[in-house]
1. Return the loop-located trypsin sites (Lys or Arg not before Pro) in the stretch B:105-186 (DSSP other than H, G, I, E, B) with at most 15 other Cβ atoms within 10 Å of their own Cβ; answer none if there are none.
2. Taking H as built 1.01 Å from N, whose amide H comes closer than 5 Å to the amide H of A:Thr190, not counting residues under 5 places away?
3. Please compute the Kirkwood hydrodynamic radius over chain A, one decimal place, Å, based on all pairs of different Cα atoms.
4. Given the whole protein assembly as supplied and a 1.4 Å probe, what does the accessible area of A:Asp227 come to in Å², nearest 10?
5. May I ask for the accessible area buried between chains B and A, both sides summed, probe 1.4 Å, to the nearest 100 Å²?
6. Excluding B:Ser249 itself, calculate the net charge of residues whose Cβ lies under 14 Å from the Cβ of B:Ser249, where each Lys or Arg counts +1 and each Asp or Glu counts -1.
7. State whether the stretch B:245-285 is rounded, prolate or oblate according to the following rule on the C-alpha gyration tensor (a ≥ b ≥ c being the square roots of its eigenvalues): a/c under 1.5 gives rounded; otherwise a/b larger than b/c gives prolate, and the remaining case gives oblate.
8. Against the longest alpha carbon principal axis of chain B, how many degrees, from 0 to 90 and to the nearest 10, is the axis of helix B:461-486 turned?
Amino acid sequence: MSIIQAKGVKKWFGDFQALKGISMEIAEGEVLVICGPSGSGKSTFIRCINRLEQHQEGEIVVDGTELTNDLKNIETIRAEVGMVFQSFNLFPHLTVMQNITLAPIWVRKKSRSDSEEKAMELLNRVGIPEQADKFPGQLSGGQQQRVAIARALAMDPKIMLFDEPTSALDPEMIKEVLDAMKELAKSGMTMIVVTHEMGFAKEVADRVMLFDEGMMVEENTPVEFFDNPKNDRTKLFLSQIL
Amino acid sequence: MVDVIKKKAKEVQESLFSSVGSSVLTIGTSYLVLNFFRGMFGFVMSSDKDWLAVLNNMQLYMVQAYPESDFIRVWISVGLTFVFSGVSIGLWRSDDRSNISVMFDRFYKLGLGVLFFTIVAPTFTSYMGNDGYVITEEVFSRSSRIGMLIPVLLITVGFFLLKNRKINFSFNNSDAVFLYLSIPIALIWIIELPTIQLDQNKDRIIPDPLMPIANTTKVPWTVIFVLFLLSYFIGIYFKEVKRLKNIMSISWFLLPLLIFSWIFKKPQIEMAEVLTGDIPIFLIFFAVGLGTVLLINNPIVKKYYSIYIGVVIVATIAGVFISIPMLAKACLLLLGLFVTVVPAVSTSQQGKKSLIIIWAVALVTLTFLLRGGASETGIVVPGSSIFGGFSLTWLLAIFGTYVSFPLGVLLALGRNSKLPIVRIICTGIIELVRSVPYITWLFFASVTLAVFLPAGVEFNLIVRVLMVTAFFSGAYFAENIRGGLQSIPKGQYEAADAIGMSPFQKIGLIVLPQALRAVIPTLVSSAITAFKDSSLVTIIGLFDFLTIGKTVIDNQSVPVNFVGHQRENLIFVAVVYWIFTFTLSRRSMKIEKRLGLGER
Ligand SMILES: Nc1ncnc2c1ncn2[C@@H]1O[C@H](COP(=O)(O)OP(=O)(O)OP(=O)(O)O)[C@@H](O)[C@H]1O
Ligand SMILES: [Mg+2]
């Protein structure tokens, strides 16, 4: 049973069609990497999965719940789907610890002490337990992104979405974030990652997809995708970024 | 020791006499400042000035003609404010500590100030006498100068030595507030201010030093200080109880209303009316609310819930026009708000429980306030207004901030809302209120407002002024806050959505804290403006603090003649205003620093 099913998802921004019918499925524990040129609709698609954007046609079912305008469904799904943004989006007025415990306390209604214990565990997991009492502004980009990962994980999500998590980072910080993501992938988390880090795709992805102009033009295993792509568009894309 | 002085001297030389230009500037400015202070001291000390015009009118300044028999109400409201402050300071006490040398440094600087005064104060001063001749008199004799200089010098040097000694003792910054406050409290027991006595011919007798003016206030102030201190300890003791902080924050918003409707108004209550009116109305509405919360998850109720909301809204609108008790009208309005939030909040057992508690508290508060605020006041005052002076200024200032601030937040959020109706209404209110001068609004409050209120509803002039003031400063707050809201990046909203926060949580925990922090300086300057602008109420016949000093005392001839002593009073008023606004802006700087920690 697949945990996310999308069927013919279409999305317009005014007159402009950003998604032109995307269909895909992802199984539990699978790691999917999405790449493609700028403006091809990658962000739009994964933002549809937790309803930060609304699709207009087609259907998306996440863990058995269909995404509709029903507020209840949206809340259920957002609690199960964690998201990490390109620009971190940490809450600057809260400490790292408060950033991570905010949702467990207010959304999951857990006790403060339990949430803090869990948060320390997560900070250990992403390798920055000593930063718990600092404010986001006092951390490096790589550390901030790892806090953002911990914050998303604090809700015990079943699925994690990553939208270019490393593209706002200096090269020397990319590795620490990718390591945290690799560790997460190995632990069996279902992940959809939009990235141009091909090394990461080769190493951990179960499947790689290429988006172009709002369509999914190729879907393949990493080995096939890089060594033996089916589509000319993929060849062109790979030649440009590699 | 010598090193320290050498270092200081070098610092002074570097900062003030580094070049010819800066030396000239330093000397020129010093000359001007010195002369200014000499002039001021001469003015203050000249026998032409009657400072008793200020001292003897403290009561007038504070509460105007408020009847003495009801002073206990004023003291209770002042005391209540201090108790609230004490608990809050204790609850939110930070662990900031300072070394004892900081305190010595303060006393040292104070000593320097007094020293400056003793040295530069002029020996002679002159003023224009009644007959047109200039009169010169000795105001500060050599012997009294020396008599003052020596002890002050000793004390100052003492504190200077103490502050430069490394003493390993630190104190909590909040504790120090109480230490500093205890000084004026002790002083009112020690320093005896004279009060004026009249003889049979209504001529002034030399002030009798055995009749201190502070006599009537020293017991209440001391009691209040002790309560303040006690409540501070209570606050510290319960520091860890999170719920108490929430209760305290809400109570702060209710305090001005409570003071106004119960302490300043002295309501006349008919017990029969309460028994046949208030209590049944309260019980009925409580039952309706309770039923709504308990039955909401029943499928049949759920199905027809929108019809129920419609009925309540229609009843509310109808209630405004038909004649039912004021309390029932207000309760209907409250019920309308309540039933719209019930479905969203009552999803868990916990949510239901808090809903019921909120409903009960809201009803009790409403009943209480309406009984107090709407009933006739039992305070009889000669003249038109119930009270004036500093208490009026203070009430307008507190109200201008405590009520208009939340109003401003709501208006700002409404103006940013996605719902067109809400947006249009809020934008309309803000633009309308801002585009008309405050003075016009005051006239509106005093002359026209009654026309717009439902028949039978009548408010005291002060209440009407408070209403327009709340809206006026609320509109300004709203625009400031909106500026803050706009400074919040879209990513913050998305991040809050992505972790599953509800719209209310998103606004309350993520958006508002950041937006408000961004606009603290403008908010404080709005609050200061509101405080000072309150003196405009004089034009509609209310006697605020400034009016008392400028007009009332200057025209006072009974029992003591103070005609022509406006300047002393204006200086006094200016100093009081300055103390309050200065403290406020200093506080806000501290808060800014503390909140600024997480700034990028
Ligand atoms: N809120 C919006 N309003 C209008 N157009 C939008 C909006 N968001 C995205 N688009 C358009 O939709 C298209 C797809 O955008 P999207 O952000 O999904 O691209 P992307 O593949 O993530 O690109 P990149 O690699 O640059 O992030 C783009 O052409 C973009 O201009
Ligand atoms: Mg993108």
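1. Numbers: sites: B:Arg106, B:Lys109, B:Arg142, B:Arg145, B:Lys163, B:Arg165, B:Lys166; in loops: B:Arg165, B:Lys166.
Here the trypsin sites (Lys or Arg not before Pro) that fit, given the DSSP loop and packing criteria, are B:Arg165, B:Lys166.
2. Result for A:Thr190 returns A:Gly29, A:Met160.
3. Values: mean 1/r = 0.0542 Å⁻¹.
Here the Kirkwood hydrodynamic radius works out to 18.5 Å.
4. Estimated to the nearest 10 Å², A:Asp227 gives 120 Å².
5. Numbers: alone 34990 and 11200 Å², together 44030 Å².
What B and A bury together is about 2200 Å².
6. +3
7. Working: a/c = 4.75, a/b = 1.51, b/c = 3.15.
It comes out oblate by the Cα gyration axes.
8. 80 degrees
The values are calculated or read from the model by the stated rules, or taken from the named source; none is laboratory data. What you are looking at is a predicted structure, and each value in this text was computed from that prediction instead of being measured. Positions of Cβ are generated from backbone atoms using ideal geometry, with glycine treated the same way; all protein chains shown enter the neighbour counts. Side chains are part of the model used for accessible areas, which takes the heavy atoms of the whole protein and leaves out ligands, DNA and RNA. Shrake-Rupley method; radii C 1.70, N 1.55, O 1.52, S 1.80 Å.
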